[in-house]
1. Go through the stretch 56-89 and report how many residues are part of a helix (DSSP H, G or I) and either touching a residue at least 24 places away in the same chain (Cβ under 8 Å) or surrounded by 18 or more Cβ atoms within 10 Å (Cβ to Cβ) (or both).
2. Looking at (1) in contact with a helix residue (DSSP H, G or I) (Cβ under 6 Å, 6 or more places away or on another chain); (2) within 27 Å of residue 146 (Cα to Cα), can you tell me which one residue 96 breaks?
3. Is there a residue in the stretch 156-174 that is outside any loop (DSSP other than H, G, I, E, B) and within 23 Å of residue 40 (Cα to Cα)?
4. Among the residues of the stretch 112-128, what is the count of those that are more than 15 Å from residue 49 (Cα to Cα) and either assigned to a loop (DSSP other than H, G, I, E, B) or touching a helix residue (DSSP H, G or I) at 6+ places or on another chain (Cβ under 6 Å) (or both)?
5. Check 135, 125, 117 and return the single one that is touching a residue at least 24 places away in the same chain (Cβ under 8 Å), more than 19 Å from the chain's Cα centre (by Cα) and over 18 Å from residue 42 (Cβ atoms).
6. Among the residues of the stretch 101-111, count how many are within 17 Å of residue 47 (Cβ to Cβ) and part of a helix (DSSP H, G or I).
């Protein structure tokens, strides 16, 4: 079995966790052949900032460093129909508008505490947007080179499979 096939089969097993369009995007497939919402550079920068609140830079690079926003834009465009894209980008616009109302400046200009506060607010006000944003961010991050090699334990040439292996204290989870 080739590595790509193993990853695809593992992804299919995770089907209950992730939505089908996100899985298709992670596997590089295009399922939406219809029209798409055009994404501006400002929206992409906003996506990067929100993703960076979800997976911030700590001892490992965060979602922004991994380019999760590019993954989100590509998956939304290639795998979700326009009817799903519009509410997602409307939720992003609502986050920006709420930020301007509450702090008199856009989300990208806020400090870390204010960004966290706005993301917590949108979690309760627009849960579908937040859940999709979180799903796309985590999938984009952990399928990126940075996420797979810096945040997870990565072994480019694996040995035998050991299904029940104890982790050493402080050891990262394994990348597939």
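Bear in mind that the values in this text are calculations on the coordinates, not laboratory data. For clarity, every value in this text was computed on a predicted model and none was experimentally measured. Heads up, the Cβs are rebuilt from the backbone with ideal geometry, glycines too, and the neighbour counts pull from every protein chain shown.
1. 23
2. (2)
3. no
4. The number of residues fulfilling the criteria is 2.
5. Exactly one residue qualifies, and that residue is 125.
6. Summing the residues that are within 17 Å of residue 47 (Cβ to Cβ) and part of a helix (DSSP H, G or I) in the stretch 101-111 gives 3.
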